[in-house]
Amino acid sequence: MTWNPFKRKNDADNTTQVSIDSDIEAEGKGRPTPKRKQAEAQNLHPIVPKDRKASRKVEREKLRVRQDAEYDAMRNGDINHMPKAERLASRVYVRDYVDARWNVAEFFVPVAFVILIVSFLISSLYPTLSVPLLIMMYVYLIASIIDIAIMWRGLKRKLVAKFGEQAVGRGSRTATYAWSRCLQMRRWRMPRPRAKKRGDWPK
């Protein structure tokens, strides 16, 4: 092995040159080159708001305000500000038609309640009267069902003539809407009846 007196001097010079080159590169950029993950992290932005709880609270408040406004509109008869489903022309017609007639079914709940109370009170004194009272309640129920069927037959014919078959299709749920309104007493219906008295039939 041959000894080279200039070897260590060359190694030192090379090390010094590498250090100088690194310093020059860092000075040229102004900062060390960031890692890939650090660069990607700087470009990320949160998709959801920072305070999600406050955001949900604001949305709930907006929903409550809208629902209150829609309820007031149904109570006051303001069709333009009712829920979208209640503004349909076919549903307005159904409400006006049901509200214009006397519906046997609208009194079923209070009548049945009275019959059950009376039956309970007299069952200990006059047990034999309980059966006739229950029969009376079932007779009233059957009469209500027949009255609803008659109502729907006439209403369906008018709806088809005015709005077409789609107004009474299965997806429209018009029949359910009509008979459920028949079961409510007139003064408690929502949306409120537009006509103050019965007999004001829709055209």
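All of the numbers you see were taken from the coordinates with simple rules; none came from a lab. All of these numbers come straight from a predicted model, not from anything done at the bench. In this analysis, Cβ positions are derived from the backbone assuming ideal geometry, glycine residues included, and neighbour counts consider all displayed protein chains.
Residue check, THR174 against (1) touching a residue at least 40 places away in the same chain (Cβ under 8 Å); (2) over 16 Å from ALA89 (Cα atoms), all met but one. Which one?
That leaves (2) as the condition not met.
Taking ILE142 as the residue in question, decide whether it is surrounded by fewer than 13 Cβ atoms within 10 Å (Cβ to Cβ) and free of Cβ contacts under 8 Å to residues at least 40 places away in the same chain.
It is true that ILE142 is surrounded by fewer than 13 Cβ atoms within 10 Å (Cβ to Cβ) and free of Cβ contacts under 8 Å to residues at least 40 places away in the same chain.
Please enumerate the residues belonging to segment 82-112 that are crowded, with 20+ Cβ neighbours inside 10 Å and either touching a Lys or Arg at 6+ places or on another chain (Cβ under 6 Å) or polar (S, T, N, Q) (or both).
VAL98, ASN103
Can you find, within segment 146-178, the residue that is surrounded by the most Cβ atoms within 10 Å (Cβ to Cβ) among those that are of a type in the set (Phe, Trp, Tyr) and more than 22 Å from the chain's Cα centre (by Cα)?
TRP152
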